[in-house]
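Engineer: Could you have a look at this structure, given as structure tokens, before my questions?
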Amino acid sequence: MPNLAQTLPSNDIGFLRIVASLWGIELVSSDPAEAAVELAESLCDAELLEEVVSTLPKDGRSALMALANENGRIPWVIFARRFGDLREMGSGKRDREQPHLRPSSAAEVLWYRGLLAKAFFNGDKGPQEFAFIPDDLFMALDFAGLITEPVREDLPASPDPNDYVDEPHQSEKSVQREKQVQSQDGELIGRPASPVEKVDTIPAGDGILDDACSLLAALRMGMEPPAGRVPLPILREFLQVAGLLGPAGLNPEAVKAFLESPREKALAFLQESWQTSESFNELRQLDGLAFEGAWTNQPLVTREFLINLLDPIPDGQWWSLPAFVRDVKSRFPDFQRPAGDYDSWFIRRASDGQFLRGFTTWDEVDGALVRHLLVGPLHWLGLLDLAAPGPGAAPSAFRTPPVPAHNLETGKITVTSQGRIILPHLVPRAVRYQVARFCEWDAPKDQEYSYHVSAGSLKRAREQNLKPEHLLTLLRKHCAAPIPPAFTRALQRWDQNGTEARVENLVVLKVSRPEVLNELRASKAGRFLGEILGPTTVVIQPGAQARVAAALAELGILAEGQVLE
């Protein structure tokens, strides 16, 4: 890093005199360049340096120690957010207002004493502006033993080199509150939930396994899967990072092993796959945002950091979700932003197309990500219970769930004589996966899946080399009661004869006399007539009603009934 001779302005005698006055130094030279060299030598004097550092106000000393503890430099955007910025003013205004006598921030305290400089240095993302201690001054501080002091107690130690943010001027009450929420395992973020925040509980559970079974069966059949607890695009991501879905579709062996494994092991498998994935990107799952450009983020690093913040929270303790998000913002706002960069990610608000840039958009992007992680993946994967102020309200509290009892998949199937097949959610998932492939899907109800067999569903199953006898074998093995004989006969008859009946909606034309029908068939509208159902009745081809009505009008016949285009 540059030294004092390079950072002290050699063309601004007014600034040099301000620095000298705060150090109690009298400059001999009136030439700015010579005065800068003279001042640089004096500022590195050990005794004088110790005296100046010892008389710094508390926030100024904290800012200096924060810089020293990070090898002398911090990205300026992070330093300024934590310790304040410098007011921009020319030399004339500065000499009139004398900001060094009334500094507005800890940054100005250090700046007008020459203890702080700023410049651009090359970083991972190109040139970046840094706050830093000039090199020779940093060495003098180290030699004098002035940078061994830890950061003051009310500033949390940062778990990551890029995390420096905290509230620089905490009230005595807020400091006391922080001390009250300390645990032996580490520092707590947030506070316990208030009674109103935990009125309506939303248990975590393992329902994602049932959603996954439905999605896998639907993909195997080439049909659109029904909506479940987990949004379908995100559920696909869970299955992709677990290796159950690949670029070519389902991975049959992996799917078989997943569906046949006990529920607790299947859930643990999804949890582990998610927690270690570098491609599962929670940020890009946020509702209401559009992402553009070639920029990248680090979802695995971000996920690990946020999950680590949850570790000190006592097991089973309801915790305030809004307070947790607020504390992340105040203490670790740059948890996913390299060097506090809030401008290079191209993120739009979908509702109005507005780009979300700058720290002022933190709640819409970074805060939304923290909330999504808690109420989304961690809840869906059974790792967090949620609670809300009331039914239908947004979650406002969370906790680690009690140790669940293992859900054994011992449920039994019910079959009705009308062909409905009802499966409780604890029927083995591998069985439901297979049954679903033979059936039409009805809307699922709470803890229950309902299907029915049709000629069309059996035809689709046959295309996948599945026969009605396979379905009967499954049902006989897992049904709670004997299969109705009528249902068995229907399956066997379809297997032998195929479709013997068809129900469809037709548009039918009925005329008063056979001669009218013959006249119409001989007209230019005859090509729109289909199957003859009787001497005065004929089927009209789909979409041709208006043309047939027009042809009848040309014959002098006005038709009754609805004419559709």
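Engineer: Go through region 369-411 residue by residue and tally those that are under 21 Å from residue 335 (Cβ atoms) and of a type in the set (A, V, I, L, M, F, W, C).
Structural biologist: 10
Engineer: State yes or no: is residue 494 within 51 Å of the chain's Cα centre (by Cα) and within 28 Å of residue 262 (Cα to Cα)?
Structural biologist: It is false that residue 494 is within 51 Å of the chain's Cα centre (by Cα) and within 28 Å of residue 262 (Cα to Cα).
Engineer: Considering only residues that are part of a helix (DSSP H, G or I) and among the hydroxyl-bearing types (Ser, Thr, Tyr), look in region 335-371 and name the one that is modelled with the highest pLDDT.
Structural biologist: 361
Engineer: I'm checking my understanding of the structure. Among residues of region 213-232 that are at pLDDT 95 or above and within 19 Å of the chain's Cα centre (by Cα), which one is nearest to residue 311 (Cα to Cα)?
Structural biologist: Top of the filtered list is 230.
Matching residues to (1) among the small types (Gly, Ala, Ser); (2) crowded, with 17+ Cβ neighbours inside 10 Å; (3) part of a loop (DSSP other than H, G, I, E, B):
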| residue | (1), (2), (3) |
| --- | --- |
| 373 | no, yes, no |
| 378 | no, yes, no |
| 386 | no, yes, no |
| 392 | yes, no, yes |
| 409 | no, yes, yes |
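Engineer: Cβ-Cβ under 9 Å, sequence separation 6+ or interchain: first residue in region 52-71 and assigned by TED's automatic domain parsing to the domain that holds residue 82, partner buried (at least 20 other Cβ atoms within 10 Å of the Cβ) and among the acidic types (Asp, Glu). Which pairs?
Structural biologist: Hits for this filter: 60/108.
Engineer: While we're here: For region 40-66, give me the residue count where each residue is exposed (fewer than 15 other Cβ atoms within 10 Å of the Cβ) and closer than 16 Å to residue 133 by Cα.
Structural biologist: 2
Engineer: Counting just the residues of region 67-82 that are in contact with a helix residue (DSSP H, G or I) (Cβ under 9 Å, 6 or more places away or on another chain) and closer than 18 Å to residue 144 by Cβ, which one comes out surrounded by the fewest Cβ atoms within 10 Å (Cβ to Cβ)?
Structural biologist: 71
Engineer: For region 377-400, check the following and say yes or no: at least one residue is among the acidic types (Asp, Glu) and outside the structural domain of residue 241 (by TED's automatic domain parsing).
Structural biologist: no
Engineer: Taking the stated definitions as given, is residue 142 outside the structural domain of residue 319 (by TED's automatic domain parsing), surrounded by 15 or more Cβ atoms within 10 Å (Cβ to Cβ), modelled with pLDDT of 50 or more and more than 30 Å from residue 298 (Cβ to Cβ)?
Structural biologist: Judged against the criteria, residue 142 is not a match.
Matching residues to (1) of a type outside the set (Phe, Trp, Tyr); (2) modelled with pLDDT under 90; (3) surrounded by fewer than 12 Cβ atoms within 10 Å (Cβ to Cβ):
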| site | (1), (2), (3) |
| --- | --- |
| 456 | yes, yes, yes |
| 472 | yes, no, no |
| 475 | yes, no, no |
| 503 | yes, yes, yes |
| 523 | yes, yes, no |
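Engineer: For region 94-121, give me each residue that is without any contact (Cβ under 8 Å) to a residue 40 or more places away in the chain and closer than 19 Å to residue 42 by Cα.
Structural biologist: Listed by number, the list holds a single entry, 111.
The values are calculated or read from the model by the stated rules, or taken from the named source; none is laboratory data. All figures in this text were calculated on a predicted structure; none of them were measured in a lab. A quick note on method: Cβ atoms are made from the backbone with ideal geometry, for glycine too, and the neighbour counts reach across all protein chains shown.
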